[in-house]
1. Just for region B:48-68: of the residues that are of a type in the set (A, V, I, L, M) and crowded, with 21+ Cβ neighbours inside 10 Å, which one is farthest from A:I263 (Cα to Cα)?
2. Filter region A:274-293 for residues that are hydrophobic (A, V, I, L, M, F, W, C) and within 12 Å of another protein chain (Cβ to nearest Cβ); which is surrounded by the fewest Cβ atoms within 10 Å (Cβ to Cβ)?
3. Among the residues of region B:16-47 satisfying the criterion of being within 11 Å of chain A (Cβ to nearest Cβ) and acidic (D, E), which is surrounded by the fewest Cβ atoms within 10 Å (Cβ to Cβ)?
4. Of the conditions (1) over 20 Å from A:Y36 (Cα atoms); (2) within 12 Å of another protein chain (Cβ to nearest Cβ); (3) of a type in the set (A, V, I, L, M), A:A226 clears all except one; give me its number.
5. Going residue by residue through region A:156-166, is there one that turns out to be β-branched (V, I, T) and part of a helix (DSSP H, G or I)?
6. Applying the selection to region A:407-447, what residues are closer than 30 Å to A:V95 by Cβ and exposed (fewer than 15 other Cβ atoms within 10 Å of the Cβ)?
7. Please report, ordered by residue number, the strands (runs of 3 or more DSSP E) entirely within region A:1-95 with at least 1 residues that are in contact (Cβ under 8 Å) with a residue 60 or more places away in the chain, among the β-branched types (V, I, T) and surrounded by fewer than 24 Cβ atoms within 10 Å (Cβ to Cβ).
Amino acid sequence: MSMIRIANGQGFWGDWLEAPARLLEQGPVDYLMLDYLAEVTMSILQKQRRADTNLGYARDFPPLIAGIASHIRDRRVRVIANAGGVNPIACAREVRRLAPGLRVAVVLGDDLFDQLDDLLAAGHEMRNMDNGEPLASIRPKVLSVNAYTGAFPVADALATGADVVITGRCADPALALAPMIHEFGWQSTDWDRLAAGIVAGHSIECGAQSSGGNCQVDWTTIPDLANIGYPIVEMEPDGNFSVTKHPGTGGRIDSHGIKEQLIYEIGDPARYITPDVVADFTSVLVRDDGPDRVRITGVKGSPATPTLKLSVSYLWGWKSIGTLVYSYPDAVEKARAADRIVRQRLEQLGLRFDEIYTELFGFNACHGPAARTDEKAVAEVQLRIGVRGHDKAAVDRFTRELIPLVLSGPPGGTGYGDGRPAVREVVAFWPALVPREVIRPSIEVVE
Amino acid sequence: MRIPLSRIAHGRSGDKGDTANVGIIALNDSYYPILRRELTAERVKAWFGDFVLGEVIRYELPNLSALNFLMHGALGGGGTLSLRTDAQGKTLSSALLRMEIEVDEGEM
């Protein structure tokens, strides 16, 4: 193979349903990558699995595969997806049921939920990377425990000949790196090439965010976003690659948009840590290489770390967000007065919260102090008060404190819509590390 | 002369827990020295005021003519805990691009 084409057709669970089929219909693709998992997604899936042991995976995925099964078979396109969530075997069985002609392999080993007490007993503290607290402090509230795993087990799954490879909490860019390892025989110490694969995966893992979506540069001139073409990496054996999209599709791929995506959600750019390699984003060279085509070269990497990151989700408590609308004149002043009244009434009730947060939507909600808007000119604002706490009764009581202001607060209060706001359970995320030896990946072909 | 940062740069921002990442990229490589000079971590933190509770760390990517700011405690608790409209910090790059900076006419 002198070059392989890896396309990404889903940037998250909830992305455009038409994108994967269009990628296969509109031009050549060798591997179709579908990224479903975000930090909070794992906890939602774990809750679904507790309610029904046949669930706990991205339910959109099996029917999607059934819809593109003929393309997969006829054109030998292979699919790699972390759609398995916390129940990849059940996901694979459903794919087999809906698309019986396809070979499906599953990567297992990332799910540590059943081993959690053994790990704690063995002295793994799994301290929160943000605040240093040991995991034992929240043990009874833990809902899911998954390790971010790498590309090599996924490459092993491709080696079984599977048409569809389903993983659990595989790191997003590793889904793109796996076919490169499989096709080009890259080794686990080929740090520069592995890093190039990670940079390639990072550049397409958010789907159309690298082909013209959410791009700030000349955004009004980006053509036909309604028919945006999702991004494709053309990777070469030496680790140099291009990012492009099918001709005739909407959107735009140029160095501006690719640079925006490269710096998206990274920390120290010289040390972008993944399960397989530490990639150096300060080594990446980017240049425009024709219409809708960007060339990326020069990527450097360094050895992988001795630890893997855990995605732990746990029941935190409760929250609710309520709103009221105030209009000109003095819209901002009225909303602030209403906020003071609500807070005073909560205080008088003796209710305690972890946080009470107020923003004036239309004035400062998104940009905060950086908004610097002339408040006298504001036509209308939505007062948005949120509370978060461990006491559900207190949060529930809060939901009754906004609507009375329509009659008892500043003039013109409206926009209370459906009445009292909902109380929602908060499942929080606990980032931690474990030694990588704890994870023992395995492959299962589901017949 | 004073210009808004958006005249010479673009960006994208996102989240990792309660930390926001704000990437700012020069629209032309020749503007990168201006970004390095004007966009110090201290000025960025001051610009956001009490929106950002923790430390702001600046990383440089000269290869992309870009700066990456990690703003800790910037998302009202982050993830599912945050009570903000923009809990993932998607609009924070636009917020930073509103900042006015000082440039010489010869630099433009």
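1. Going through region B:48-68, the residues of a type in the set (A, V, I, L, M) turn out to be B:52-53, B:56-57, B:61, B:64, B:66-67.
Filter again for crowded, with 21+ Cβ neighbours inside 10 Å, leaving B:52, B:56, B:61, B:64, B:66-67.
Details: B:V52: 20, B:V56: 16, B:L61: 9, B:L64: 9, B:A66: 8, B:L67: 9 Å.
That would be B:V52.
2. A:L285
3. B:D29
4. So A:A226 meets the others, but not (2).
5. At the first step, the residues of region A:156-166 found to be β-branched (V, I, T) are A:160, A:164-166.
Imposing the further condition that a residue be part of a helix (DSSP H, G or I) reduces the set to none.
No, the conditions are met nowhere in region A:156-166.
6. A:R440, A:S442, A:V445, A:E447
7. Working: elements: A:4-10, A:31-34, A:78-81.
By residue number, A:4-10.
Each row is one residue, and each column tells you yes or no for (1) in contact with a Lys or Arg (Cβ under 7 Å, 6 or more places away or on another chain); (2) at pLDDT below 95.
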| position | (1), (2) |
| --- | --- |
| A:I80 | no, no |
| A:P88 | no, no |
| A:A92 | no, no |
| A:R97 | no, no |
| A:G101 | yes, yes |
| A:V104 | yes, no |
| A:P134 | yes, no |
| A:R139 | no, no |
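The values are calculated or read from the model by the stated rules, or taken from the named source; none is laboratory data. None of the values given here were measured: they were computed from a predicted structure. Note: ideal-geometry Cβ built from the backbone for every residue, glycine included; neighbour counts use all protein chains shown.
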